[in-house]
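Have a look at the structure below, then the notes.
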Amino acid sequence: MDKIISFDDELDIVTVQPGVTQKKLYEYLKERNLNYLVPVTGAGPDCSLIGNAIEKGYGITPHADHFGAVMSLEAVLPDGSVYHSAFTENRCEITDKIFKWGIGPYLDGIFAQGNFGIITEMTIAMATVQESVEGFLISIKSDDNLEQAVTAIQKTLKQYGNLMGSINLMNRLRMMSMFTKYPKDKFENQTIIPDELVDSICQKAKIGVWTVGGMIYGNKKIIKEVKKTIRQNFKPISNRTVFFNRKKINLLQKIFSITPRNSFVNIKDQLAKLSEAFKCIEGIPTEVALPLCYWKSGTCPPKGQPMNPAVDNCGLLWYSPLVPMKPDKVREYVDMVKKECLANNIEPLITLTSLSHRCFDSTVPILFDPHSSDEVNNARQCYDSLFEKGRDRQFHPYRVGIDHMDKIINKDSTYWKIVQSVKKNLDPNNILAPGRYNIANQKGEVKL
């Protein structure tokens, strides 16, 4: 089921089946000269659009909340019946696709992180390509300026959030993982990179202790005004603010392409990575984020072959909590992550991505060698510790893996009792994904 069923360029909506990937939608748009941004994610070109949306995924283009962009869906229930909203069942399919919330109770939502049916079609709102797109990177002077950086991000989003995708706040280890190889050959008798080596690498690569990254969409006049505001908001705490667009990147790559092959190697490499990253901003699927999975482990496929961390022996667990966009809470969160990661011999790579001016989603990749029992145990203990300590401080993941469902489910809570009741009525034999965001016993039977 990998068909693009329809595209309406008047209403800016597309209807797809679950096998439609970011890459397939991009090729469809390109073949038909349709100027829309694919809702890309770091999962890469082969990621299912429906799969990402129903797991409440997000990206960096204007429609950053991918389930928020879901207008309607069709699902097959365990008994074989087909679910549509009340609008479609009243023969108003177009109305269903242009008004997310329908009429009556909103039932489409039970299929997000649910195990009540198999989605067979989904209609998604698309963002149009704008006249201009500009990216920016801001190097923050000191770790002492973290709180001010959070305030500046929030202020910028309040002023121009409707013209921007997400804004990322990344620590230096996360930036290192994007632009440098894991320096295992440069230290011995230690399980994680020593601070002095991190200092040396970041100084050479001009990586700040914190980096703010984001993008602006609009016409040239609007972008000029937004850039001016961003400079003002971050001026007191920034070492360097760089704005870039496709034209500037291409020009720099052309200039350095005529230099001797072995000269300016680092600059050429960084420009190539920046060019790939900018594709995401342009709504073009790319593998730019996937090398992170291979930073400490795994066998990266030959150049030109698709990356597949799941089969390439990569060791990675994601800790993805929501963090209030309050300076003191962000500081508390960062200190907690550093402490718990280091205690378990895990490098604390931290990204905070704005979902609104109220909330960050943080992604912490727990990287390890899956062939080392010690590293596997460290990774598991690190995740467990982050989850428990984070929850105690009001930092709760917005998604968890199947191995960690027990951490979020409380069979005595009203919420999970309702979820169980829905499951019992729609799937009494527990056919679909037993235990996924629901309570199941060891036999796979729903506990009621």
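Points to keep in mind about this one:
- Hey, ASN262 within 25 Å of LEU137 (Cβ to Cβ), out of contact with any Leu (no Cβ under 6 Å at 6 or more places or on another chain) and either modelled with pLDDT under 90 or of a type in the set (Gly, Ala, Ser) (or both) or not: no
- Within region 359-380, the set of residues being surrounded by fewer than 17 Cβ atoms within 10 Å (Cβ to Cβ), within 20 Å of TYR398 (Cα to Cα) and over 17 Å from the mean Cα position of the chain (by Cα) comprises ARG380 only.
- Unmet requirement for THR123, which otherwise passes all of (1) surrounded by 18 or more Cβ atoms within 10 Å (Cβ to Cβ); (2) among the hydroxyl-bearing types (Ser, Thr, Tyr); (3) in a loop (DSSP other than H, G, I, E, B): (3)
- PHE187 meets the conditions (1) touching a residue at least 24 places away in the same chain (Cβ under 8 Å); (2) in contact with a Pro (Cβ under 7 Å, 6 or more places away or on another chain) in every case but one. The failed one is (1).
So that you can scan it fast, the table gives a plain yes or no per residue for (1) free of Cβ contacts under 8 Å to residues at least 24 places away in the same chain; (2) in contact with a strand residue (DSSP E or B) (Cβ under 6 Å, 6 or more places away or on another chain); (3) not β-branched (Val, Ile, Thr):
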position	(1), (2), (3)
MET71	no, yes, yes
GLY80	yes, no, yes
THR88	yes, no, no
ASP96	no, yes, yes
ILE103	yes, no, no
LEU107	no, no, yes
GLU121	no, yes, yes
VAL133	no, yes, no
SER139	no, yes, yes
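- Test: residue in region 261-277 that is within 22 Å of THR41 (Cα to Cα) and part of a loop (DSSP other than H, G, I, E, B): no
- Subset of region 335-353 [acidic (Asp, Glu) and not in a loop (DSSP other than H, G, I, E, B)]: ASP335, GLU340
- Residue in region 261-281 that is surrounded by 15 or more Cβ atoms within 10 Å (Cβ to Cβ), more than 29 Å from TYR36 (Cα to Cα) and not aromatic (Phe, Trp, Tyr) present: yes
- Only listed residue being among the hydroxyl-bearing types (Ser, Thr, Tyr), surrounded by 13 or more Cβ atoms within 10 Å (Cβ to Cβ), closer than 27 Å to MET307 by Cα and over 22 Å from the mean Cα position of the chain (by Cα), chosen from THR191, THR241, THR211: THR191
- Among the residues of region 31-55, those that are farther than 20 Å from TYR217 by Cα and of a type outside the set (Asp, Glu) comprise ARG32, ALA43, GLY44, PRO45, CYS47, SER48, LEU49, ILE50, GLY51, ASN52, ALA53, ILE54.
- Residue list for region 107-120, restricted to those being among the hydrophobic types (A, V, I, L, M, F, W, C) and either assigned to a loop (DSSP other than H, G, I, E, B) or surrounded by fewer than 15 Cβ atoms within 10 Å (Cβ to Cβ) (or both): LEU107, ALA112, PHE116
- Total residues in region 31-58, condition closer than 20 Å to GLU10 by Cβ and not acidic (Asp, Glu): 8
The values are calculated or read from the model by the stated rules, or taken from the named source; none is laboratory data. Only a predicted model underlies this, so the values are computations on that prediction, with no experimental measurement involved. Please note: Cβ atoms are built from the backbone with ideal geometry, for glycine as well, and neighbour counts cover all protein chains shown.
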